[in-house]
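Student: Right, I'll just put the structure down here and ask away after.
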Amino acid sequence: MPESAEDLALLKQRVQGKELYYGRLINDEEDTAAIFVKLLPYELEVDEQGNETFRNLSDAEMLQGSIEITEVLDDFRSRFDAEIYLGGSPALGAYMSTVIQKDFGVFTTVAIFMVGAFLAFLFRRASGVFIPLLVMGLGISTCIAMMPLLNYPMQITTSILPSFLLAVCIGDAVHLLTIFYRRFDGGAEKDAAMLYALNHTGVAVLFTSLTTAAGLLTFSFSEIQPIASLGLFAALGSLIAFLLTVTMVPVLITILPLKRKRPAVNAQDQMQEGGLLWKFTRLCLWLSISHSKKVVAVSALIAVIAISQLPNLRFSQDSLTWFPDDTPVKMAIRVIEDKITGTMPMEVVIDTGEKQGALNPILLQQIDKWLAGVDGQEINGVKVVSINSLLNLIKETNQAFNGNKAEAYSIPESQELIAQELLLIEMDEADDLYSYTDSDFQKLRITLIVPWADAIVFKDFQGSIISSFKDQVSTEVDINLTGLIPVFSTMFTAMIQSAANSYLIAALAIGFMMIVLMRGIVDGLLSMIPNLLPIIIVLAIMTIVDVPLDVFTILIGSIALGLCVDDTVHFMHGFQTAYRHHGDAARAIEETLTGTGKALVITSVVLFFGFLTFVLSDLISMDNFGMLTALCIVFALLSDFLLAPALMMIRYGDKSTSKP
């Protein structure tokens, strides 16, 4: 480090105008400098026999490294009269980890309070709140505990599991207890009332759990590990919740003391006549029974309009846009890119296939010419703002050997001279040398620095880089790309494939289950229409308000399909039971909506507010996921109260034959 003004002037003279420093470590105005800190994601371990192995560091260890760097910077900020920013992908990842930890607690707390409040409103008794929360708490704890046992870390997607499962799986207990309390308050003994409730709702609850699990499990096939983890454990959690609901709830009901409440005037209608829910249900009954064809026609028109918007749906994988503009790490990245250089590196590894091959002057000159055409150019929307390679070291050393003449900043014609220059570099700056090549000088590593961008542009960018290289450089060498950009590009491609696969598999799996439940292909396929329409509408809304499909919002389709079908299952199961009993479609629709309508509304309200809790996140993408899924739940409820009855009325209305 310079210790005097003369030393500082000499240092400035040495680095001034050098490509290796300007645009990478120093900006042109010389008022901003950068320090690159490389965090190795692994450590070398040596066992008792002296065998060396590399161990990947955990997310917690990487986070601790970023925290310690932040603490050092905070100390300097307090006694250094300059702005200090911490940016880059490790800093962004560390900040995201802190957001996940905070959101985990917030989501869980709010979800417990919200679900408890709705259970209290629905059942108006302590057992109706305590028992479901206890059972769901045990199920969620079991699911979360299995993650470390199976060596799965808590990630940005799985951080929503507790609140997600609580909102999603509470519906089983709601339907079971609704029927139980109705029979129990009507005078039946606890055992008889619970047996009736299990017989009445058991099949529907089983199918809703299976369809929910099927919709979620489709994500487990994703190549994106955070999405696969969410799919696996959310599906597992929904099945665990079902098993605990049909086992523990009856046991707790049996052993706990319960008081009967005054039964409703009409045991078949739990809605208060004249109330808001009663009026809503009567309106839906009037529309779906008396104007069933018009309801279906309007739904078809909405579907056509929504489908016409789907080609405009865009994909995105830009984690920087998930954060508000005033987030410190986002501001730091923007400042770094405005002042000095980009923050996203792409490593180009060139393998010559032979020792000393990287010292071939003809090859180096070809690569130098290729890099000159790449540097500063905008390629498919991505501008290369900085290039670092062995060539910079060779050209600077050659210039120093020739009196610092500008024309000497070039690749020497002689391989022997190149080797001599690299020997001097090795003696003085070995770390710099071997960060760009290997000890056999067979490979070259070139770092292209670009500004932060959406991963959607990187695939074409990489293709152009490889294509231009092969056009200008010898085809006898191999080129490979690595680093953040290829990782993001691969993730983007996998995300699109995951969306297509998960939507298709979920639709097929749930469609098959509905065919089994409805005992017929036609009825099973018809029952899928009210489930698919809400998803299509939400995807269309995303195109209109320009919300992209990213790692969060891509989950909406399969999750919503698994959830929306739950209410449809209860309606269809109730309708078929009633229709087989008396053969009157209109009457079966009325009995189903008035008998289970309140439970359907309550479970939908719980789901709505359960997903709406995600808007409390500091991540904009998580906000979008919560709001859009909540909106999909609302559309699904309307679809089950209007479109599903209308379809059944059209199919069975003319066949109605009232039975005594």
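Student: For L8 and I544, what does the FRET efficiency come to when R0 = 51 Å and r is the distance between their Cβ atoms, rounded to the nearest 0.05?
Tutor: Numbers: r = 58 Å, r/R0 = 1.14.
Calculated value: 0.30.
Student: P(r) for region 19-82, please, calculated from all Cα pair distances in 5 Å bins and given in %.
Tutor: Over region 19-82, the share of Cα pairs per 5 Å bin runs 4, 13, 13, 14, 15, 14, 11, 7, 5, 2, 1 percent.
Student: Same structure again: Over the chain, with the other protein chains present, what is the accessible area per residue in square angstrom, probe 1.4 angstrom? Mind dumping the intermediate values first?
Tutor: Values: 31190 Å² over 660 residues.
Here the per-residue accessible area is 47 Å².
Student: Counting other Cβ atoms within 10 Å, keep those with at most 14, restrict to DSSP loop, and tell me which trypsin sites (Lys or Arg not before Pro) in region 101-182 are left. Walk me through the numbers before you get to the answer.
Tutor: Numbers: sites: K102, R124, R125, R182; in loops: R124, R125.
Hits after loop and neighbour filter: R124.
Student: Is region 152-307 best put as rounded, prolate or oblate by its Cα gyration tensor, with a ≥ b ≥ c the root eigenvalues, rounded for a/c under 1.5, and otherwise prolate when a/b is larger than b/c, oblate when not? Mind dumping the intermediate values first?
Tutor: Values: a/c = 2.66, a/b = 1.14, b/c = 2.34.
Oblate shape, in that a/c is at least 1.5 and b/c is the bigger or equal ratio.
Student: Could you tell me the calculated FRET efficiency between D428 and E347, based on Cβ-Cβ distance and R0 = 30 angstrom, to the nearest 0.05?
Tutor: Numbers: r = 24 Å, r/R0 = 0.81.
Computed FRET efficiency for D428 and E347 comes out at 0.80.
Student: Let me have the relative contact order for region 107-169, percent, based on Cα pairs under 8 Å that are six or more residues apart. Walk me through the numbers on the way to the answer.
Tutor: Values: 30 pairs, mean separation 31.3, N = 63.
Contact order relative to length: 50 percent.
Student: So what's the convex hull volume per residue for the Cα atoms of the chain, in Å³?
Tutor: On the way: hull volume 137.0 nm³, N = 660.
In the chain, the Cα hull volume divided by residue count equals 208 Å³.
Student: Longer than 30 Å from Cα to Cα, which of K339/K369; K330/K443; K38/K395 are they? Say none if no pair is.
Tutor: On the way: K339/K369 27 Å; K330/K443 35 Å; K38/K395 25 Å.
Table pairs above 30 Å Cα-Cα are K330/K443.
Student: Tell me which trypsin sites (Lys or Arg not before Pro) from region 373-476 have a DSSP coil assignment and no more than 14 other beta carbons within 10 Å of their own. Walk me through the numbers on the way to the answer.
Tutor: Values: sites: K383, K395, K405, K443, R445, K459, K470; in loops: K405.
Here the trypsin sites (Lys or Arg not before Pro) that fit, given the DSSP loop and packing criteria, are K405.
Student: Going toward the positive end of the dipole of the chain, with +1 on Lys and Arg Cβ and -1 on Asp and Glu Cβ, which of P361, V203, F76 do you reach last?
Tutor: V203
Student: Just name one of T592, A332, V538: the one whose Cα is farthest towards the positive end of the charge dipole of the chain (beta-carbon charges, Lys/Arg +1, Asp/Glu -1).
Tutor: Positive-end residue among those listed: T592.
Student: So, one more: Using the crude model of +1 on Lys and Arg Cβ and -1 on Asp and Glu Cβ, and no other charge, please compute the dipole size for region 101-227 relative to its Cα centre, in debye to 20.
Tutor: Numbers: 6 positive and 6 negative charges, 62 e Å.
That gives region 101-227 a dipole magnitude of about 300 debye.
Student: Between D191 and Q16, how many nm apart are label points set 7 Å from Cα along the C-beta direction?
Tutor: 9.8
Student: State, as an integer percentage, the relative contact order of region 1-136 based on alpha-carbon contacts under 8 Å between residues 6 or more apart. It would help to have the intermediate numbers written out before the result.
Tutor: On the way: 57 pairs, mean separation 13.3, N = 136.
The normalised contact order for region 1-136 reaches 10 percent.
Student: Additional query: List every DSSP H helix in the chain whose Cα atoms extend 20 Å or more along the helix's own long axis and whose mean Kyte-Doolittle hydropathy is at least 0.5.
Tutor: Values: long enough: 59-77 (27 Å, -0.19); 89-123 (49 Å, 1.37); 126-149 (34 Å, 1.88); 161-185 (35 Å, 1.08); 190-217 (36 Å, 0.96); 225-255 (43 Å, 1.96); 292-309 (26 Å, 1.53); 415-433 (22 Å, 0.11); 458-472 (21 Å, -0.48); 484-518 (49 Å, 1.73); 521-544 (34 Å, 2.18); 556-582 (39 Å, 0.23); 585-612 (36 Å, 1.15); 620-638 (27 Å, 1.84).
TM-like helix candidates: 89-123, 126-149, 161-185, 190-217, 225-255, 292-309, 484-518, 521-544, 585-612, 620-638.
Student: Ranked highest first by the average count of other Cβ atoms within 10 Å around their residues, in what order do 230-236, 220-226 fall? Walk me through the intermediate numbers first.
Tutor: On the way: 230-236: 24.6, 220-226: 17.6.
In descending order of packing, they fall as 230-236, 220-226.
Student: For Cα pairs less than 8 Å apart in space and 6+ apart in sequence, what is the mean separation divided by the residue count of the chain, i.e. the relative contact order in percent? Each step should come with its number before you reach the end.
Tutor: Details: 916 pairs, mean separation 128.0, N = 660.
Contact order relative to length: 19 percent.
Student: Here's a follow-up. How much length, in nm to one decimal, is gained on full extension between E45 and D375, taken as 0.36 nm per residue of separation minus their Cα-Cα distance?
Tutor: Working: separation 330, 0.36 × 330 = 118.80 nm, distance 3.95 nm.
Going from the current span to full extension adds 114.8 nm.
Student: Right, another one. If N is the number of residues in region 380-496, what value comes out of its Cα radius of gyration divided by 2.2 N^0.38 Å? Spell out each step's value before the answer.
Tutor: On the way: Rg = 17.0 Å, N = 117, 2.2 N^0.38 = 13.4 Å.
The value comes to 1.26.
Student: Taking all protein chains as present, what is the carbon and sulfur share of the accessible area of the chain, in % to the nearest whole number, probe 1.4 Å? Please report the intermediate quantities before stating the final value.
Tutor: Numbers: 18740 of 31190 Å².
Roughly 60 percent of what the probe reaches on the chain is carbon or sulfur.
Student: Rounded to whole Å, give me the distance from the Cα center of region 522-546 to that of region 46-72.
Tutor: What the calculation gives is 47 Å, centre to centre.
Student: Using packing as a proxy for protection, rank 208-219, 323-334 so that the peptide with the highest average count of other Cβ atoms within 10 Å comes first. The partial results should precede the final answer.
Tutor: Working: 208-219: 26.9, 323-334: 16.7.
The most tightly packed comes first, giving 208-219, 323-334.
Student: Something else: For N312 and F221, calculate 0.36 nm times their separation in residues minus their Cα-Cα distance, and state this gained length in nm to one decimal.
Tutor: Values: separation 91, 0.36 × 91 = 32.76 nm, distance 2.62 nm.
Difference between extended and current length: 30.1 nm.
Student: Can you compute the FRET efficiency between F54 and R282 using 1/(1 + (r/R0)^6), with r the Cβ-Cβ distance and R0 = 51 Å? Round to the nearest 0.05. Walk me through the numbers on the way to the answer.
Tutor: Values: r = 68 Å, r/R0 = 1.34.
It comes to 0.15.
Student: Please sort 338-348, 594-604 by packing, taking for each peptide the average over its residues of neighbouring beta carbons within 10 angstrom, highest first.
Tutor: On the way: 338-348: 20.0, 594-604: 22.8.
Ranking the peptides 338-348, 594-604 by packing returns 594-604, 338-348.
Student: Cut-off 20 Å, label point 7 angstrom out along Cα-to-Cβ of K261: give me the residues of region 154-182 whose amide nitrogen falls inside.
Tutor: Label zone hits: 170-182.
The values are calculated or read from the model by the stated rules, or taken from the named source; none is laboratory data. Computed from a prediction, not measured in an experiment: that's the story for all the values here. Here Cβ is always computed from backbone atoms with ideal geometry, including for glycine, and neighbour counts include all displayed protein chains. Quick note on the areas: whole protein, heavy atoms, side chains included, nothing else; ligands and nucleic acids left out. Shrake-Rupley method; radii C 1.70, N 1.55, O 1.52, S 1.80 Å.
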